[in-house]
Amino acid sequence: MTDTSFPTRRFLSPRYWPLWIGFGITWCLARMPYTWLMRAGRVLGRLLLVLPGHRRHVASVNLALCFPELTDAQRHDLLRRHFESLGMGMMEIVLSWWAPAARLRPLACVDGMEHFEDALKEGRGVILLMAHFTTVEIATTLLAMNVPLYATYRPHNNALFEEVMRRARQRHAPVIDHGNIRVMLRALKNNKAVWYSPDQDYDGKHSVFVPFFGVPAATMTATAELARLSGAVVIPIFPERLPGGKGYRITLQPALDNLPSGDIERDTARINALFEEQVRRIPEQYLWVHRRFKSRPPGSKRVY
């Protein structure tokens, strides 16, 4: 029988005490009413915007590269709204990790379930494809309450943070290390759904340079490779935080036809174009603080 109790004794060292305190604070925050928590998130985002740090610089560079048609004033306004969204996203992590499912479930409106059900009937497995919006944590949690799925994630370097994060996420869905392709393939071949998000720059590893907002971006090719190796159906997901504290709309879009096409670069560019279309609808909710253009093509200058 597997012991599922938390291994507290492993984390009693004083070096973990600040993190324990932080977890205690976030556990208390998760008891706040949802609208209060979102207001607190906006305030936190405004504070993060004015504090010294490299994330503001990264986001500013990303917005300048991706929205050259905007004026400086318009980009600054978008930057402000993004940091408010980022702060709310941090509060959404608090909710996702600590709030009971009964409290979270009413926040979700899931559209397009018929696309998922039709894909499962094919018996080939389903890749649920989502970009990294600031709502990524709560959107995945809410989706897992409506759709049986495996969620991929990147393990954290801090052992205590990793233990808490993994357990919090496993409350709603089994998790798979994003580098464990073998386990993903096994799940897909057993006609399971695997949540996957390929729009981050992992130093150009297993990636090709394809356009994102017209800028060459190192983009992982794993989506098309997983689809090719498993035969799985690929369904894009579009998460959106609704205004006025009304929760979230999570839209499952029709399955992508002819993916994989046999041309890995064309397939990867197609996914970036799909994500770009989604981001343009709610640009402030995308994760602009990520160094999306960290890796550059040979001969190109660094942008950060």
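The values are calculated or read from the model by the stated rules, or taken from the named source; none is laboratory data. This is a predicted model, so every value here is computed, not measured. Note that we place each Cβ from the backbone using ideal geometry, even for glycine, and neighbour counts take in every protein chain shown.
Given (1) surrounded by fewer than 18 Cβ atoms within 10 Å (Cβ to Cβ); (2) in a helix (DSSP H, G or I), where does R31 come up short, assuming only one miss?
(2)
Is there any pair linking a residue in the stretch 95-110 that is assigned to a strand (DSSP E or B) to one that is buried (at least 17 other Cβ atoms within 10 Å of the Cβ) and not charged (D, E, K, R), with Cβ under 6 Å and at least six apart or on different chains, and which?
A108/L142; A108/Y248; V110/I250
Here is a yes/no grid of residues against (1) under 27 Å from L48 (Cβ atoms); (2) aliphatic (A, V, I, L, M); (3) in contact with a Pro (Cβ under 6 Å, 6 or more places away or on another chain):
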residue	(1), (2), (3)
F67	yes, no, no
M88	yes, yes, no
D111	no, no, no
I138	yes, yes, no
L149	no, yes, no
P155	yes, no, no
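Quick one: in the stretch 143-176, of everything that is within 20 Å of A255 (Cα to Cα) and of a type in the set (A, V, I, L, M), which residue is surrounded by the most Cβ atoms within 10 Å (Cβ to Cβ)?
My answer is L143.
Do you know which residues across the stretch 245-304 are exposed (fewer than 12 other Cβ atoms within 10 Å of the Cβ) and closer than 16 Å to T134 by Cβ?
If the condition is that a residue be exposed (fewer than 12 other Cβ atoms within 10 Å of the Cβ) and closer than 16 Å to T134 by Cβ, then R281 is the only one that fits.
Run L274 past the list (1) of a type in the set (A, V, I, L, M); (2) over 23 Å from V110 (Cα atoms); (3) in contact with a Pro (Cβ under 7 Å, 6 or more places away or on another chain) and report the number of the one that doesn't hold.
That leaves (2) as the condition not met.
Return the only residue of E92, E69, E84 being at pLDDT 95 or above and not in a helix (DSSP H, G or I).
On inspection, the qualifying residue turns out to be E69.
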